[in-house]
Amino acid sequence: MRPKHLVDAVLFDTFGTVVDWRTGISQAVAEFSGAVDPNEFALAWRGRYQPSMAPVRSGEREFVDLDLLHRENLDATAAELGLPLDTADPSDVDWLNRAWHRLPPWPDSVPGLTELKRHFIIGPLSNGHTALLTNMAKHAGLPWDVIIGSDITRAYKPDPNAYLRTAELLRLPPERVMLCAAHNTDLEAAQQAGLRTAFIPRPTEYGPSQRKDLHATGPWDVIAQDIVDLSVQLPQHVPG
């Protein structure tokens with residue numbers, strides 16, 4: 001029987017696409033200490049995210065999860081910007097590091113995901129590990145059907161294995177899986193791995209000075225305004 005929909009599963013980049021990390025991290029930093037500008041610190045901490053995963057992708061470093069990478073990046077950012085970690089209670093520092101587990105959703109995320117869930121398997125396709133993504137879902141009310149963390153695939157995007165192993169675990173061919181992301185480079189890697197793609201813009205992810213990913217730059221299968229719009233558009237797309 002011909003498939004009813006373009007794909008069976010719609011998976012999501014999570015940091016920045018589904019949740020607003022900048023606001024969440026800034027708030028956590030502000031609660032932790034008044035010694036630094038919380039928004040500047042959040043951006044600097046996030047700025048170490050991709051470089052910290054590069055040795056894992058290249059094979060120079062064995063796989064370690066984001067809690068460890070985030071903590072290493074937190075220590076480096078604190079040293080750079082003058083956030084006093086040494087004098088803080090270790091449990092408070094751990095609470096700050098785990099702020100990535102407690103990020104707020106964008107306003108359209110929960111209603112859009114809830115509607116998509118009526119037609120498709122939905123879940124994250126993220127560099128976050130399973131516990132982090134589970135805690136995030138509980139905190140933000142994200143109605144995932146399934147959570148497959150990077151600790152299961154043992155790969156960080158844009159490594160092709162991050163996309164292909166997720167599809168394999170769902171027992172789906174890559175072309176029956178869609179990645180939705182606010183980042184064109186993520187979609188490019190997913191498309192090269194054989195997945196379908198959907199772009200939604202998050203023009204304030206990095207704040208008012210954001211200059212990248214303001215619009216789609218590739219031939220993605222669907223371009224939507226947000227996740228609610230995606231939930232309207234996608235059921236109307238049928239296999240060619």
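The values are calculated or read from the model by the stated rules, or taken from the named source; none is laboratory data. Keep in mind that this is a model prediction, so the values were computed, not measured. As a convention, Cβ positions derive from the backbone with ideal geometry for all residues, glycine included, and neighbour counts pool all protein chains shown. With ligands, DNA and RNA removed, areas are computed over all heavy atoms of the protein, side chains included. Shrake-Rupley method; radii C 1.70, N 1.55, O 1.52, S 1.80 Å.
What residue, among those in the stretch 214-229 that are within 22 Å of ASP20 (Cβ to Cβ) and out of contact with any helix residue (DSSP H, G or I) (no Cβ under 6 Å at 6 or more places or on another chain), is most open to solvent (accessible area, probe 1.4 Å)? Checked the stretch 214-229; the qualifying residue most open to solvent (accessible area, probe 1.4 Å) is GLN225.
Taken together, the residues in the stretch 125-154 that are open to solvent by less than 30 Å² (accessible area, probe 1.4 Å) and not in a loop (DSSP other than H, G, I, E, B) amount to 7.
Checked against (1) at pLDDT below 95; (2) in a strand (DSSP E or B), ASP86 passes all but condition (2). Comparison of SER33, SER109 shows that the only residue that is over 24 Å from LYS157 (Cα atoms) and either touching a residue at least 12 places away in the same chain (Cβ under 8 Å) or under 14 Å from the mean Cα position of the chain (by Cα) (or both) is SER33. Hey, could you check the stretch 157-176 for residues that are closer than 24 Å to ARG202 by Cβ and touching a Phe, Trp or Tyr at 6+ places or on another chain (Cβ under 8 Å) and say which is surrounded by the fewest Cβ atoms within 10 Å (Cβ to Cβ)? For the stretch 157-176, the residue satisfying everything is ALA162. For the stretch 180-205, the set of residues classified as within 25 Å of ARG57 (Cα to Cα), open to solvent by 30 Å² or more (accessible area, probe 1.4 Å) and either β-branched (Val, Ile, Thr) or within 14 Å of the chain's Cα centre (by Cα) (or both) consists of THR185 only.
ALA99 - would you say it is modelled with pLDDT of 95 or more and over 17 Å from the mean Cα position of the chain (by Cα)? Here the answer is no, as ALA99 does not meet what is asked. Assess whether LEU74 counts as being among the hydrophobic types (A, V, I, L, M, F, W, C) and in contact with a Pro (Cβ under 6 Å, 6 or more places away or on another chain). Here the answer is no, as LEU74 does not meet what is asked. Within the stretch 15-43, restricting attention to residues that are under 23 Å from ALA76 (Cβ atoms) and in a loop (DSSP other than H, G, I, E, B), the residue that is least open to solvent (accessible area, probe 1.4 Å) is GLY16.
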